[in-house]
Amino acid sequence: MNKVAIITGITGQDGAYLARLLLDKKYRVIGCAPTISEKDCWRLDHFGITKKIKLVTGSLLDQNYLRLLLKKYQPQELYNFAGQSSVARSWEQPIETMETNALVVAQLLEALRLYAPKTKFFQASSAEIYGQTDGIITEKNTTFHPVNPYGISKLAAHQMVATYRTRYGLFAVNGILFNHESPLRMPDFVTKIMSHSVAEIARGIRKTFSLGSLTARRDFGYAADFVDGMWRLMQVPRPYDAVFCTGETHSIGDFAREAFAIVGIKDWRNHIILDPNLARKREIKTMRGDHRLLTKLTGWKPVVGFCELVKIMIDFEMKQ
């Protein structure tokens, strides 16, 4: 019998990539979202998998809905990508961010405890829970210092997963995700802004675009690589929290320079306007992770490097 997996936030970047992966592995995939329209499904349509997924709608804050969902589909695995994923937007909508990123996780864990205690649970945690650190982030880092509402909400969910795992014996894991990009990113993410704008400049549609900073450094990975690691982590005999990253850092300026180089533009700085109004509040200067535990547990390693990632995103935008 084929395994059943529920993916919340199925219409987002990670949900689409993971759905494709699980379908290739012959899973039956149940996708959850608050509402599902044709416009919402463009990522699933991009992979040609929309009709291969059972799409269901409902509120993850409704315990009765969760009970019926778990009883009906009896999943072996549940991957949670639901929530608000933008740091910038979390400052504008802190209450909604806490509700969708933290309270939803508490509801999911409680539903699993009551109705499906054998179901394995993956929570999309975030390196933002650590805030600004002096060194490389590993699972052994126990000092949490989030500096924005998004990080705070993710930390609350992260701790809830660990608590339910310890208290009730659930197979519940946190994937501590560093930046993972792809052509399917939302339009307000900086890598998407850069790749889309560079493509428009190369096509002669515009001449410049604005950014808040070029100096912030991030550990940029590829979303398709990361979802493979998520599935692998769910197959290990015991539940572990693990860092998902590449182990390398690159600045926003590095991404922009590489993107312009791909389309043959050398004077890239002349096309970028630095606007301090776009800079994040309490910006984290550098984030870098260590994925050795995930590699030890599962054999996972990132496949797509930084330059190839930028090219993937630029090629996609140039074809649009």
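The values are calculated or read from the model by the stated rules, or taken from the named source; none is laboratory data. In this text, all values refer to a predicted model and were calculated from it rather than measured experimentally. Here the Cβ is made from the backbone with ideal geometry for all residues, glycine too, and neighbour counts use every protein chain on show. To get the accessible areas, we keep the full protein, side chains included, count just its heavy atoms, and leave off ligands, DNA and RNA. Shrake-Rupley method; radii C 1.70, N 1.55, O 1.52, S 1.80 Å.
Here is the figure for the range 1-51: residues that are under 17 Å from residue 184 (Cβ atoms), in a loop (DSSP other than H, G, I, E, B) and touching a residue at least 40 places away in the same chain (Cβ under 8 Å) total 3. Any residue in the range 108-128 that is among the hydrophobic types (A, V, I, L, M, F, W, C), surrounded by fewer than 16 Cβ atoms within 10 Å (Cβ to Cβ), at pLDDT 95 or above and outside any strand (DSSP E or B)? Checking the range 108-128: at least one residue is among the hydrophobic types (A, V, I, L, M, F, W, C), surrounded by fewer than 16 Cβ atoms within 10 Å (Cβ to Cβ), at pLDDT 95 or above and outside any strand (DSSP E or B). In this entry, residue 157 is excluded by the filter for residues that are part of a helix (DSSP H, G or I), surrounded by fewer than 18 Cβ atoms within 10 Å (Cβ to Cβ) and within 20 Å of the chain's Cα centre (by Cα).
Pairing each residue of the range 139-166 that is under 18 Å from residue 293 (Cβ atoms) with any residue that is acidic (Asp, Glu) and outside any helix (DSSP H, G or I), provided the two are 6+ apart or on different chains, yields C-beta distances under 6 Å for 139/241. I'm checking my understanding of the structure. Among residues of the range 87-104 that are open to solvent by less than 40 Å² (accessible area, probe 1.4 Å) and out of contact with any Lys or Arg (no Cβ under 9 Å at 6 or more places or on another chain), which one is nearest to residue 4 (Cα to Cα)? Of everything passing the filter in the range 87-104, 104 is nearest to residue 4 (Cα to Cα). Within the range 248-267, the set of residues being open to solvent by 20 Å² or more (accessible area, probe 1.4 Å) and in contact (Cβ under 8 Å) with a residue 24 or more places away in the chain comprises 248, 249, 250, 254, 258, 262, 263, 264, 265.
Of all the listed residues (214, 294), the sole one being hydrophobic (A, V, I, L, M, F, W, C), within 27 Å of residue 135 (Cα to Cα), in contact with a strand residue (DSSP E or B) (Cβ under 7 Å, 6 or more places away or on another chain) and buried (at least 20 other Cβ atoms within 10 Å of the Cβ) is 294.
Scanning the range 219-257 for residues being over 23 Å from residue 22 (Cα atoms) and touching a helix residue (DSSP H, G or I) at 6+ places or on another chain (Cβ under 8 Å) gives a total of 9.
All conditions but one from (1) in a loop (DSSP other than H, G, I, E, B); (2) surrounded by fewer than 17 Cβ atoms within 10 Å (Cβ to Cβ) apply to residue 84; the one that does not is (2).
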